[in-house]
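No value in this document is a laboratory result; all are computed from the given coordinates. The structure displayed is predicted, hence computed values, not measured ones. Note that we place each Cβ from the backbone using ideal geometry, even for glycine, and neighbour counts take in every protein chain shown.
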Amino acid sequence: MFADVLLGLLSDGTPTHGYHLLSVYRARTEWPVSPGSVYRELSRLQRQGLVETVPNAANADPRRIPYRITPAGRARFERWLRAPLSAETMREWILFADRVPADVRDDLLARRREDLDIRRRLLERKQGDVAARRRAEYDPSAALVADALRETIAEAALVEHVLALLQRRECPPKGHRSDRKQKSARRVRQRGDRETRRPGAPDTTPSPHAGGGRRASAAVTSEASGDAPRARAGRIAGDVGHSPRAPRGTPWCPTPCSTC
């Protein structure tokens, strides 16, 4: 079981010495493990052809020998990831749960959840039977059944926690930055669609000539409030570079003519 954890820590292909593997394992799990256990397990994996040693760097400590996973070790680790979960493998398996394909991972966790639910009901029934027995002599069965039930409930909670973490990793939560950006862009598009579909919507395009944009905005506001004739006159008079009678785009001339 611990051998599969070491193979998982080496599965990225980077040569790593035993002390670094020990530090990573302690940081991820907070479980006590001795350096001797790590080095003994690495030696056994090397004899089995699952890991191999590589030359150390020139300026590295010669006492720290780097280990690298072999193709056989990688194949064993992949089989272990896809194997049915148990109470002995669950806590180590969750260290690498994000590397398991989603369909395989969900099936493994669903089966483990069912097994734990069945075990919980059996233990609750047994706990009731033990409580019904009244014995004068010492009987630790009640305490042992209660402890087994507590561990089963704790592991079931662990399964639910892992599922929630994986779902949160794959689907950004509501209110996430990317979700807020998508909602903002959607609101802008919807606002533009409503302005386009509204019948008789005023022309909000500002004049390309100097000074026309600000007065055109005031004219649009006046049109929206119902004073349409005066607003249109104000907009036409404010479009510097156009005659009041000339269509937009016609150069302004100081004396009236047939064109203006």
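For region 100-108, putting each phi into the Karplus relation 6.51 cos²θ - 1.76 cosθ + 1.60 with θ = phi - 60° gives couplings of 7, x, 4, 5, 5, 4, 5, 5, 4 Hz, in residue order, rounded to whole numbers and with x for Gly and Pro. Taking other C-beta atoms within 10 Å as the exposure proxy, 93, 31, 80 rank 31, 80, 93 from fewest upward. Spread over its residues, the convex hull of the C-alpha atoms of region 113-164 is 51 Å³ per residue.
Note on residue 54 and residue 107: the model spin-label points, each 7 Å out from Cα along the C-beta direction, lie 3.4 nm apart.
The ranking of 67, 25 by Cβ neighbour count inside 10 Å, starting from the fewest, reads 25, 67.
Summarising the amide proton neighbourhood of residue 70: residues at separation of 5 or more, or on other chains, whose placed amide H is nearer than 5 Å comprise 51, 52.
With both labels modelled 7 Å from their Cα along Cα-to-Cβ, the residue 68 to residue 168 distance reads 3.8 nm.
For residue 17, nonlocal amide neighbours, meaning residues 5 or more places apart or on other chains whose placed amide H falls under 5 Å from its own, are 67.
Here 137, 124 are placed in order of increasing Cβ neighbour count within 10 Å, fewest first, which gives 137, 124. Summary of packing: across the peptides 46-53, 138-145, the per-residue average of other C-beta atoms within 10 Å ranks them, highest first, as 46-53, 138-145. Note on region 2-82: Rg/Rh from C-alpha atoms, Kirkwood Rh, equals 0.95.
For the pair residue 79 and residue 131, the difference between a 0.36 nm per residue extended length and the Cα-Cα distance amounts to 14.4 nm.
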